[in-house]
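Okay, structure first, notes after.
Please treat every number below as a calculation from the coordinates, not as lab data. Note that the structure is a prediction, hence the values are computed from the model and not measured. Every residue, glycine as well, gets a Cβ built from its backbone with ideal geometry; the counts of neighbours run over all protein chains shown.
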Amino acid sequence: MKNIAVIGSGTMGNGIAHVFAQNGYNVALVDISEKALEKAIATITKNLDRQLAKERISEDDKSNTLANITTYTDTAEGVKDADLVVEAATENKELKFKIFKNLDELAPANAILASNTSSISITELAAQTGRPEKVIGMHFMNPVPVMKLVEIINGYSTSKEVTKTIDQLSKDIGKVPAMANDYPGFIANRILMPMINEAIWTLHEGVGGVEEIDTVMKLGMAHPMGPLQLADFIGLDVCYAILNVLYDGFGNPKYAPCPLLVNMVNAGKKGVKSGEGFYSWGHGTKDLIVSDSFK
């Protein structure tokens with residue numbers, strides 16, 4: 001396995017491309033937007049410069065990593081030689097279904113098709129293809145170059161050989177794989193999202209403020225950041241979507257999104273990506289400033 005195609009050049013896609021390229025793989029980074037691809041290469045270059053400044057890589061490592069990445073706006077051209085295709089598009093079921101149908105037609109017959117989805121059923125994605133045994137989940141964590149975990153999700157039909165291959169590949173790129181089976185939320189989000197949702201309920205019901213809730217979880221539970229700050233980083237719209245997947249999948253009211261989260265998403269307050277969530281992110285400093293809505 002030498003040729004990797006990554007579909008989608010956003011935050012997760014460019015991070016996945018970065019890690020594979022840095023570990024010597026030939027990477028085809030595919031996006032319909034040339035502008036998005038240019039932004040992705042600029043981001044990868046910036047992140048490599050950060051590694052260089054910390055003396056974690058050399059100038060040669062940086063040059064070789066960038067040389068290993070080729071960008072494409074034509075999916076057929078980008079995946080034609082792929083041994084593995086990693087889909088990292090927006091977390092939208094209909095879009096991912098369309099992509100997997102397309103990839104099944106365009107990618108080599110022996111290529112493994114993986115999704116970076118954080119919540120969408122691998123079994124359902126596999127059902128869009130004629131190779132369900134070769135479809136698997138590779139859920140990387142953000143930021144990909146830093147975070148060690150890769151959650152590997154087996155669909156109902158994923159073959160043991162494919163699972164073994166992806167498990168070893170994850171180790172080869174310096175990640176630690178954790179196996180999960182295909183149920184709503186897998187492992188990571190089935191545990192994380194109810195915690196974030198409960199933190200939002202705690203705020204909504206006036207039990208504590210934004211800073212108090214995050215401080216309790218950071219200092220009392222040794223979490224590197226509080227659940228409300230983490231929700232802002234993930235994207236409140238993404239949290240909302242994943243909670244709905246859990247709610248629809250299990251039919252259990254404990255997974256229903258808190259009304260405060262629903263209102264914030266409907267108001268366009270999506271966290272870091274929109275400049276405001278539970279915290280204000282447009283202030284130009286590293287200090288956490290609680291959004292005016294919660295003062």
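Quick notes on this structure:
- Per-bin percent of Cα-Cα distances, region 115-158 [5 Å]: 6, 27, 26, 18, 10, 10, 2
- Only Cα pairs under 8 Å and 6+ residues apart enter the sum, and on that basis the relative contact order of region 22-92 stands at 48 percent.
- In this entry, region 1-88 is assigned a mean projected area of 4.9 nm², taken as a quarter of its C-alpha convex hull surface.
- Sum of side-chain charges, residue 158 neighbourhood, beta-carbon under 9 Å (Lys, Arg +1; Asp, Glu -1): 0
- Protection-proxy order for peptides 271-283, 138-150, each taking the mean of Cβ atoms within 10 Å per residue, highest first: 271-283, 138-150
- Kirkwood analysis of the chain, using all unique Cα-Cα pairs, places the hydrodynamic radius at 20.0 Å.
- The chain: angle of helix 160-172 to the longest principal axis, Cα-based, in degrees nearest 10: 80
- The chain: angle of helix 236-250 to the longest principal axis, Cα-based, in degrees nearest 10: 80
- Rule-of-thumb Rg ratio for region 189-294 [Cα; 2.2 N^0.38 Å; N residues]: 1.01
- Residues 50, 190, ranked from the fewest to the most other C-beta atoms within 10 Å, line up as 50, 190.
- 9, 119, 293, 58 arranged by Cβ crowding within 10 Å, fewest neighbours leading: 58, 293, 119, 9
- Normalised contact order of region 3-181, rounded percent, pairs of Cα under 8 Å and 6 or more residues apart: 20
- Rough spin-label spacing in nm, given labels placed 7 Å along Cα→Cβ, for residue 183 and residue 133: 2.6
- The Rg/Rh ratio for region 1-159 is 0.96, where Rg is the radius of gyration of the alpha carbons and Rh is the Kirkwood radius.
- Quotient of C-alpha Rg and 2.2 N^0.38 Å, computed over region 145-246: 1.29
- Label-to-label distance for residue 34 and residue 92 is 2.3 nm, based on points extended 7 Å past Cα in the beta-carbon direction.
- Pairwise alpha-carbon distances in region 103-198 exceed 17 Å for 50% of all pairs.
- Proxy reagent accessibility, fewest Cβ within 10 Å first, across 86, 216: 216, 86
- Prolate is the label for region 189-246, because a/c, from the alpha-carbon gyration tensor with a ≥ b ≥ c as root eigenvalues, is 1.5 or above and a/b exceeds b/c.
- At R0 = 41 Å, FRET efficiency that the Cβ-Cβ distance of residue 250 and residue 64 yields, to 0.05: 0.35
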